[in-house]
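Read through the structure below, which is laid out as structure tokens, and then see the notes.
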Ligand code: FES
């Protein structure tokens, strides 16, 4: 269940907007912060807090990649493999990273649940390819094998 604190934060959001629908995205972030991802009951709870249907809230959650509809690791790496990044070696870097993290084909999360690695569409930094987004808030650009190794080492110690 959402904590009382989370519910209060969502209600405070509702007061900021002319329509509760406008609070869906930040409210989903609050729920995701608490659960670590967005199980069905979290979406139902957000909908109830906002006075919307679960379908209205769930459709937003399923549209945007920054919402996790299945469990993820402690850190999420969205690694751009769109064309400009691919032309700068993103596919090979992604495969190397999978090997380094021990991710078999199709797996996204390491066995210790520390890192989730996913393909991502263009992250808007094509001129500094290859690019990745860490935990939905920090973009890393011009990634080399050395930079990737350093990032993974840092994530494993935090
Ligand atoms: S294609 Fe990778 S950031 Fe645009």
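Remarks
- Residue 83 versus residue 33: modelled label distance in nm, points set 7 Å from Cα along the beta carbon direction: 3.9 nm
- Per-residue extension of 0.36 nm, minus the Cα-Cα distance of residue 44 and residue 22, leaves a gain of 6.3 nm for this segment.
- Note on residue 104 and residue 136: the extension gain reaches 9.2 nm, defined as 0.36 nm multiplied by sequence separation minus the Cα-Cα distance.
- Shown is the FRET efficiency for residue 112 and residue 55, computed with R0 = 35 Å from the Cβ-Cβ distance and rounded to the nearest 0.05: 0.50.
- Computed over the stretch 4-63, Kirkwood Rh from alpha-carbon pairs, angstrom: 11.0 Å
- Ranked list, fewest to most other Cβ atoms within 10 Å of each Cβ, for 135, 112: 112, 135
- CD proxy at 222 nm, helix term only [per DSSP H run n ≥ 4: -39500 (n - 2.57); per residue of the chain; nearest 500]: -14500 deg cm²/dmol
- Label-reachable residues, the stretch 115-150, where backbone N falls under 16 Å from a point 7 Å from residue 156's Cα toward its Cβ: 115-117, 145-150
- DSSP assigns beta bridges within the stretch 41-158; of those with both partners inside it, close to 55 percent run antiparallel.
- Shape index of the chain: Rg/Rh, with Rg the Cα radius of gyration and Rh the Kirkwood radius from the inverse mean 1/r over Cα pairs, equals 1.04.
- Its relative contact order, with pairs defined as Cα atoms under 8 Å and 6+ residues apart, puts the chain at 18 percent.
Readers should treat all values here as calculations from the given coordinates under stated rules, not as data from a laboratory. Computed from a predicted model, the values in this text were never measured in an experiment. Please note: Cβ atoms are built from the backbone with ideal geometry, for glycine as well, and neighbour counts cover all protein chains shown.
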